[in-house]
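Engineer: One structure is given below, represented as structure tokens, and several questions about it will come after.
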Amino acid sequence: MTAPSTPAADGPLLVRTPDELRRALDGRGRVGLVPTMGALHGGHRTLVRLAREKAETVVVSVFVNPLQFGPDEDLDRYPRDLPADVRVCAQEGVDVIFAPEVETMYPAEQMVTVDAGAMGERLEGASRPGHFTGVLTVVTKLFQLVRPHLAVFGEKDAQQIALVRRMVVDLNLPVEIVGAPTLRDADGLASSSRNVYLDDAQRESALALSRALRAGAEATSDGADGVREAARSVLEEAAKATPPVELDYLALVDPATFAEASSEHRGSAVLAVAARVGPTRLIDNVSVSL
Ligand code: PAF
């Protein structure tokens, strides 16, 4: 049995296999898991800090999960920099980093997966078929391996956290799911690992996403259709910018099902947007109350 490797004397333990992970967590108190695909940024720091407030032991998983990428998506060029991720985790006082290889997580073809159901086929699921099956499957595997008391997910991926919450209820998984608010730059751009793909002009165009959401959130007194209209008009302008914002979807949905909110919808709703700027696909959302 080899001892878990550690990058620095007092830094987080970096473990690569389920055995190393079990030994690293043996005898530790309440465990909080922050599942990530690495390329850690300020948004991830928010998740880690929330985990730290609620748990004695913080585990960050770093795994770019092939199962959640479609054949034409950015799996190959997705940013990977484990040494930088280890530094961020060390600065944030993370206890354990679990960074398995693909072969460790998927030693054979994954024949049994978690079906995300109808909610998983809407919005992101419609644009990225199979994405949420991949997400829920890897999250379930991570829950089984880490056995956390709680797990922290970012609210930027609103449909993802809604599905994880639903999975935990429907499959009786003994994990508390904690949502962390979206971290934004001063100009409104939501923190995302994919922001590194944007050049200056693309970044400027990308600001239309958060602008559209703000416009929608300010129009709640006009009802569901008013919210959609206010956001859409910002995105129509942004489609004429250089480079253009190419809209994938803009939707106002019920937060529990992600089904489109009717014109008469009252109560809470999620205004969600996905768009391409150059080759980069970005998503963002805001919660509103109607
Ligand atoms: O949000 C992410 O980074 C990923 O979808 C997750 C939850 C780590 C699963 O691979």
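Engineer: Net charge within 15 Å of residue 205 by Cβ-Cβ distance, Lys/Arg positive one each and Asp/Glu negative one each, not counting residue 205 itself?
Structural biologist: -4
Engineer: Calculate what fraction, in whole %, of the accessible area of the chain sits on carbon and sulfur atoms when a 1.4 Å probe is rolled over the protein chains.
Structural biologist: The C+S portion of the solvent-accessible surface of the chain is 51 percent.
Engineer: Please list 3J(HN,Hα) in residue order for the stretch 279-290, calculated via the Karplus relation 6.51 cos²θ - 1.76 cosθ + 1.60 where θ = phi - 60°; whole Hz, with x for glycine and proline.
Structural biologist: Values per residue, Gly and Pro as x: x, 9, 9, 10, 10, 7, 7, 9, 8, 10, 10, 10 Hz.
Engineer: Next question. Using the per-residue mean of other Cβ atoms lying within 10 Å as a proxy for protection, in what order, highest first, do the peptides 251-257, 16-22, 210-216 fall?
Structural biologist: 210-216, 251-257, 16-22
Engineer: Then there is this: Check cross-link reach from residue 54 to the aspartates and glutamates: straight Cα distance under 17 Å, and skip same-chain residues fewer than eight apart.
Structural biologist: Cα-Cα hits under 17 Å: 92, 95, 176.
Engineer: Quick query: amide H of residue 176 versus all other amide H atoms, modeled in the peptide plane; which residues come in under 5 Å with a sequence gap of 5 or more or a different chain?
Structural biologist: 150, 151
Engineer: Here's a follow-up. I need the shape label for the stretch 192-290. Rule: rounded when a/c is under 1.5, else prolate if a/b > b/c, else oblate, with a, b, c from the alpha carbon gyration tensor.
Structural biologist: prolate
Engineer: Taking 4 °C and 1.567 mPa s as the conditions, I'd like the Stokes-Einstein D for the chain in µm²/s, using the Kirkwood hydrodynamic radius from alpha carbon pairs.
Structural biologist: The Stokes-Einstein estimate is 65 µm²/s.
Engineer: Per residue of the stretch 226-243, in order, report the coupling 6.51 cos²θ - 1.76 cosθ + 1.60 (Karplus, θ = phi - 60°) as ³J(HN,Hα) in whole Hz, putting x for Gly and Pro.
Structural biologist: Per-residue couplings from phi come out as x, 4, 4, 5, 4, 5, 4, 5, 5, 6, 5, 4, 5, 5, 8, 6, 10, x Hz.
Engineer: Where nothing but the Cβ of Lys and Arg (+1) and of Asp and Glu (-1) is charged, how large is the charge dipole of the stretch 137-290 around its Cα centre, in debye to the nearest 20?
Structural biologist: The dipole of the stretch 137-290 has a size of about 560 debye.
The values are calculated or read from the model by the stated rules, or taken from the named source; none is laboratory data. The shown structure was predicted, so the numbers you read here are calculated from the model rather than taken from an experiment. Glycine gets a Cβ as well: all are built from the backbone with ideal geometry, and neighbour counts include every protein chain shown. Keep in mind that these areas ignore ligands, DNA and RNA; they rest on the heavy atoms of the full protein, side chains included. Shrake-Rupley method; radii C 1.70, N 1.55, O 1.52, S 1.80 Å.
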